[in-house]
1. What is the chain by shape, rounded, prolate or oblate, if you read a ≥ b ≥ c off the alpha carbon gyration tensor as root eigenvalues and call it rounded for a/c under 1.5, prolate for a/b larger than b/c, and oblate otherwise?
2. Rolling a 1.4 angstrom probe over the protein heavy atoms, how many square angstrom per residue are accessible across region 202-256?
3. Over region 1-115, with every protein chain in place, what whole percent of the accessible area is carbon and sulfur at 1.4 Å, could you tell me?
4. Charges on Cβ only, +1 for Lys and Arg, -1 for Asp and Glu, centred on the Cα centroid of the chain; of Leu263, Ala245, Gly289, which one is farthest towards the dipole's positive end?
5. Could you tell me whether region 1-84 comes out rounded, prolate or oblate from its Cα gyration tensor? Rule is a ≥ b ≥ c as square roots of the eigenvalues, rounded for a/c under 1.5, then prolate if a/b exceeds b/c, otherwise oblate.
6. What's the carbon and sulfur percent of region 270-385's accessible surface, probe 1.4 angstrom, rounded to a whole number?
7. Convert each backbone phi in region 124-137 into a coupling constant with the Karplus relation 6.51 cos²θ - 1.76 cosθ + 1.60 (shift: θ = phi - 60°), then list the ³J(HN,Hα) values in order as whole Hz, x for Gly and Pro.
8. Enumerate the calculated ³J(HN,Hα) couplings along region 110-119 in order (Karplus 6.51 cos²θ - 1.76 cosθ + 1.60, θ = phi - 60°), each rounded to whole Hz, writing x wherever the residue is Gly or Pro.
Amino acid sequence: MFVPKLYVYTFLGEFVLLYPVYTLLFTDSGLSVTETSSLFVIWSVTGMVLEIPSGAWADAVSRRLLLFLGPLLAGVGFGLWVLFPSYWAFALGFVLWGAEGALVSGAFEALAYEELERRGLQGRYAAIMGRAHSIGIAAAASAIALATPVFAAGGYPAVGAASVAACLLCAATALTLPERRPARAASTDSDGRYLAVLRAGVAEARTDRNVLEAIVLISVVTAIWGALEEYVPFLAASTGAPRTAVPLLVLAVWVGAAAGGLLAGPARRLSERSFALVLGLAALAMAAGALVPHPAGFALVAGAFGAFQMAGVVADTRLQERVSGDQRATVTSVAGLGTNMVTLAVYTAYGAGSPFLSHGTTFALLVLPYVVIALWLARERVAPM
């Protein structure tokens, strides 16, 4: 029952009905675009600041505890938004939501990998995590579909209550997850243990070449397409598609990403150069599809997003296989920090280029780092992943 519980946790963590309407809540509460943008900055900065410290906490104390606390914090934040709709309530909610992301990041992967390893199933990690990512996408899509009738029936209080309920159920699911670790790893004995784990994790991420390469790979591969996903509606509208067709094009991209997650298991067996070829072809497909001034180009865009999703899961698997010692969540959180930093760089680049470049051109330019990563990987010795 361990793997199904992982899937349930992932589903509930993404089944938040506030997702598609929270910007409307901000607008209806009188916030300007600038104020709303500042909330996104608060959200991002909170996650970045807490990412590595929370990973070390997970290693020094308990991964399951953090997986329990994270959704609770997010639920409190969503409740504040609905009960006290004001800038400072929204800001505090984003701090709590950013903390949730940091607490779960690293702890989830570490608990999943080590429990599978204990059962002799670590070879299935890529397939299981790929399915989990696909389930998360399905949960988000389901939340968007359900948000419309719930919002129509009960407004913000109804979608807020449903979101808080999902968070509470997610936290309850975390308590059912097993966590069997050596006594020294589970020790709550103090700041000394915490600082030792923190130093060891950062040192491994910085000095172990294989681990560092995996961190760079997962940071770049995961962050770029994840950031570009936020701009897919703009790209869809720029193709000349009718407004009513834009959601369908966005859905096509989500279907592609979900399919990519399901292919992560077989992709783990690709050689280094085959994996590099997939990344390079996906980048070319993304650029070509984005530059086509017709909705048909979205077939290539959706395929590219699927390949990038698959590659991100494989990169995470490679990282888990290379980490040694008790500081797995800490090292994974270093990768999470790298992902956040690259994501912010993509947002900044997109915003800076938007007055001068079309959405298609911007997409094409921002996937160029994938080509660089592919060339770097192709130079490595051919070896199974």
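The values are calculated or read from the model by the stated rules, or taken from the named source; none is laboratory data. Just so it is clear, the structure is predicted and the values come from calculations on it, not from any experiment. Glycine also receives a Cβ, built like all others from the backbone with ideal geometry; neighbour counts cover every protein chain displayed. What goes into the accessible areas is simple: the full protein's heavy atoms, side chains included, and nothing from ligands, DNA or RNA. Shrake-Rupley method; radii C 1.70, N 1.55, O 1.52, S 1.80 Å.
1. oblate
2. Numbers: 2560 Å² over 55 residues.
On a per-residue basis, 47 Å².
3. C and S atoms contribute 74 percent here.
4. In the chain, that residue is Leu263.
5. Oblate is the answer for region 1-84, as a/c is 1.5 or above yet b/c matches or exceeds a/b.
6. Taking all protein chains in place, region 270-385 shows 71 percent carbon and sulfur surface.
7. 9, 4, 4, 5, 5, 5, x, 5, 4, 4, 5, 5, x, 5
8. 5, 4, 4, 5, 6, 6, 5, 5, 4, 8
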